[in-house]
Each structure stands twice: as C-alpha cells, then as structure tokens.
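What follows is a single structure, written as structure tokens, with notes after it.
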Amino acid sequence: MYELSTFVMTSTVAAIIGVSIGVMLPAIAMGWAVSRAMDALARQPEAEKSIMRTLFIGLAMIESLAIYVLVIVLIVLFRNPLLEYLIN
C-alpha cells in the first residue's frame, strides 16, 4: 500500500512539473515570435500578409506542443500504464 501511494504521489508531482514546464516554454516562445513579427511589421509594413500568415502558422505549431504536453500528462494522471505492474 505504501508503494502504491508513493508511486501515485510521485507521478502526480511529475505531471505537475511537466505541465508547468510544458506550458511555460511554449508561452515564452509565443511571446518571442509575436515580438519578432511586430518588429518585422515595423520594418516592412508592405509585407504584412506574408508575415502574419507565417506568424499564425508558427503560433499554431508552438501551441500544439503545449497540447501534446497536456495529453501526455492527462494519460499519466488518469491512466498510468505503469500502475498495472505495481498493483500486480
């Protein structure tokens, strides 16, 4: 019983750390990308359509990383595959 509660607590702490890092880093990358896009728009306003299209595609790719982290953490929290081996 002690091993089970320790394992569940450890996986929960790992999930919390994973979510915090997995959301913080894409947020920093999004801020950096928007900042660079605004700088590019200030230098070349005539290229607005191209810059904005590229920015939105890049932001979607960055956001997908955060969504993947969320999916993996939810799997670890609610359907941990290693928990079956520990119970048996």
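Listed values, structure above:
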read-out: Selected residue (only one of ILE87, ILE62 is open to solvent by less than 90 Å² (accessible area, probe 1.4 Å) and out of contact with any Gly (no Cβ under 8 Å at 6 or more places or on another chain)); value: ILE62
read-out: Qualifying position, being polar (S, T, N, Q) and over 15 Å from the mean Cα position of the chain (by Cα), among SER64, SER5; value: SER5
read-out: Tabulated pairs, the range 62-88, first free of Cβ contacts under 8 Å to residues at least 40 places away in the same chain and more than 18 Å from THR6 (Cβ to Cβ), second part of a helix (DSSP H, G or I) and of a type outside the set (Gly, Ala, Ser), C-beta under 8 angstrom, 6+ apart or interchain; value: ILE62/PRO26; ILE62/MET30; GLU63/PRO26; GLU63/MET30
read-out: Residue count, the range 32-53 (criterion: exposed (fewer than 11 other Cβ atoms within 10 Å of the Cβ) and closer than 30 Å to VAL73 by Cα); value: 1
read-out: Number of the condition not met by ASN80 [criteria: (1) polar (S, T, N, Q); (2) in a helix (DSSP H, G or I); (3) at pLDDT below 95]; value: (2)
read-out: Only one of ILE57, ILE17, ILE21 that is open to solvent by 70 Å² or more (accessible area, probe 1.4 Å) and at pLDDT 95 or above; value: ILE57
read-out: Index of the failed condition, VAL71 passing every other in (1) within 11 Å of the chain's Cα centre (by Cα); (2) surrounded by 13 or more Cβ atoms within 10 Å (Cβ to Cβ); value: (2)
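The values are calculated or read from the model by the stated rules, or taken from the named source; none is laboratory data. Small disclaimer: the values here were computed from a predicted structure and weren't measured. FYI the Cβ positions are ideal-geometry reconstructions off the backbone, even for glycines, and counts take in every protein chain you see. Just the protein is used for accessible areas: all its heavy atoms, side chains included, with ligands, DNA and RNA removed. Shrake-Rupley method; radii C 1.70, N 1.55, O 1.52, S 1.80 Å.
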